[in-house]
Amino acid sequence: MRVTARAPAKVNMHLGVGPLRADGFHELRTVYLAVSLFDTVTVGPGEGLAVSVTGEGAGGDVPTDRRNLVWQAAELLAASAGMPADATIAVAKAIPAAAGLAGGSADAAATLVALDLLWGTRAAPGDLAGIAAQLGSDVPFSLLGGVALGRGRGEQVSPVLARRPTHWVLGIADEGLSTPAVYRELDRLREAGRVPDGAELPSTEGVIAALRNGSPAALAAALSNDLQAPAFSLRPELRRALRAATDAGASAALVSGSGPTVAALVEDEEAAVRVAAVLAGAGVFRTVRAVQGPVAGARVVA
Ligand code: ATP
């Protein structure tokens with residue numbers, strides 16, 4: 001028996017980063033959007049764990065041992081069910097690694113729902129969400145999907161209403177950015193007084209109201225990301241990439257999460273195709289993808 005599940009990439013339409021907490025994490029307020037770029041995970045019987053990776057990041061950035069989040073997901077689910085962690089886990093990646101799109105989190109979420117069925121653990125949704133939160137800040141959202149407000153370090157998620165689908169073009173760079181390095185750069189810029197100190201978290205209300213009203217113009221005006229300044233600082237060419245997206249006709253563009261992916265908001269599906277074609281021809285990005293969201297979170301598909 002084999003079980004296949006898929007889970008989406010995310011874009012942060014709002015990412016407010018508070019001060020560094022005593023536990024080493026920053027307090028966040030974020031509005032997540034699940035978009036139509038999916039990784040697929042197929043699990044089957046095995047003795048112990050064996051992980052394989054194909055597609056984006058295979059043979060490079062993405063480990064196949066216990067450093068892979070899918071391995072850790074399997075171990076935690078098995079431990080919580082009091083059973084041995086026996087499975088083969090094949091990860092087919094379309095979401096680039098270290099791109100600010102929560103690819104590893106998507107894989108972990110897909111693994112949880114797939115193994116839950118394969119092993120018959122029948123974990124309650126709340127149990128899976130608890131395991132997800134232990135795995136990483138973005139994993140609970142990868143399970144939930146849709147649009148959600150994230151609190152804490154992003155792991156406390158609650159659904160948000162979106163009246164209409166939104167369309168985006170993702171510009172993906174050649175080389176990833178390490179999330180911890182981007183947070184460290186933010187702390188450094190704050191200490192140097194070069195960006196606001198984050199003592200007051202910016203309100204998420206602008207983005208949430210724009211989604212509720214289905215207003216693309218208001219959404220374009222409300223997009224914001226506190227990690228954009230440190231991402232620019234580490235990757236100065238990202239400024240040009242953002243400008244290329246708005247020059248190509250996007251309503252607005254921002255760095256997704258810790259970057260370096262650029263998420264460009266466009267009017268509709270036709271604009272997405274047009275802007276994607278211009279950006280692909282501009283040679284600023286390695287890969288350009290037209291996506292839409294919200295889409296569902298991690299789901300068994302076969
Ligand atoms: P986020 O947006 O949640 O900060 P990200 O999209 O920038 O994350 P990921 O693709 O999730 O980054 O992975 C970051 C690092 O995690 C990779 O460089 C890799 O070393 C490690 N990793 C562990 N498991 C995975 C996985 N299944 N897929 C990709 N990377 C993984």
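Read-outs throughout are calculated quantities, based only on the coordinates presented, and are distinct from any laboratory measurement. What you see is a predicted model, and the numbers here were worked out from it, not measured in a lab. Using ideal geometry, Cβ is built from the backbone for each residue, glycine included, and neighbour counts are taken over all protein chains shown.
A few notes on this one:
- The chain: calculated mean residue ellipticity at 222 nm from DSSP helix runs of at least 4, using -39500 (n - 2.57): -11000 deg cm²/dmol
- Computed magnitude of the charge dipole of the stretch 166-293 (debye, nearest 20; Cβ of K, R +1, Cβ of D, E -1): 260 debye
- Tilt relative to the chain, helix 69-81 - C-alpha long axis, 0 to 90 degrees, to 10: 50 degrees
- When the P(r) of the stretch 3-160 is calculated, the portion above 23 Å amounts to 34% of the C-alpha pairs.
- Ranked by the mean number of other Cβ atoms within 10 Å of their residues, highest first, the peptides 268-274, 205-211 fall in the order 205-211, 268-274.
- Candidates T261, V62, T166 compared by Cα position along the dipole of the chain: farthest toward the positive end lies T166, with charges placed on Cβ.
- Treating r as the C-beta distance of S52 and A181 and R0 as 30 Å, the FRET efficiency rounds to 0.60.
- Take every pair of alpha-carbon atoms less than 8 Å apart whose residues are at least six positions apart; their mean separation over the length of the chain yields a relative contact order of 27 percent.
- Ordering L279, A248, I131 by the projection of their Cα atoms onto the charge dipole of the chain, which places +1 on the Cβ of Lys and Arg and -1 on the Cβ of Asp and Glu, puts A248 at the extreme positive end.
- Size of charge dipole - the chain - debye, nearest 20, with Cβ of Lys, Arg +1 and Asp, Glu -1, no other charges: 380 debye
- Here the dipole of the stretch 3-160 is about 400 debye; that uses its Cα centre as origin and unit charges on the Cβ of Lys and Arg (positive) and Asp and Glu (negative).
- Here the calculated FRET efficiency for R194 and E237, from their Cβ-Cβ distance with R0 = 25 Å, stands at 0.85, rounded to the nearest 0.05.
- The HN-Hα couplings worked out from phi for the stretch 23-29 by the Karplus form 6.51 cos²θ - 1.76 cosθ + 1.60 (θ = phi - 60°) are 7, x, 9, 9, 6, 10, 10 Hz, whole numbers, x standing for Gly and Pro.
- Two-site label geometry, N213 and A296: point separation in nm, points 7 Å out along Cα→Cβ: 3.2 nm
- Size-normalised alpha-carbon gyration radius of the stretch 243-302, reference 2.2 N^0.38 Å: 1.23
- Hz values of 3J(HN,Hα) by residue in the stretch 119-125 - Karplus curve (6.51, -1.76, 1.60), Gly and Pro given as x: 7, x, 6, 6, 5, 5, x
- Backbone N under 19 Å from the S203 label point (7 Å along Cα→Cβ), restricted to the stretch 218-240: 218-226
- Extension reserve of the Q134-R122 stretch, reckoned as 0.36 nm per residue once the Cα distance is removed: 2.5 nm
- Computed over the stretch 3-160, relative contact order equals 30 percent, with contacts defined as Cα pairs under 8 Å that lie 6+ residues apart.
- Paramagnetic reach from E269 (point 7 Å along Cα→Cβ, amide N under 16 Å) across the stretch 157-187: 164-169
- Along the axis of the charge dipole computed for the chain (Cβ charges of +1 for Lys and Arg, -1 for Asp and Glu, origin at the Cα centre), the listed residues A220, Y183, G104 are led at the positive end by A220.
- Top of V147, V288, V195 by mean-square fluctuation, Gaussian network on the chain, Cα under 10 Å: V195
- Applying 0.36 nm per residue to the separation of D61 and D247 and subtracting their alpha-carbon distance, the gain on full extension is 63.8 nm.
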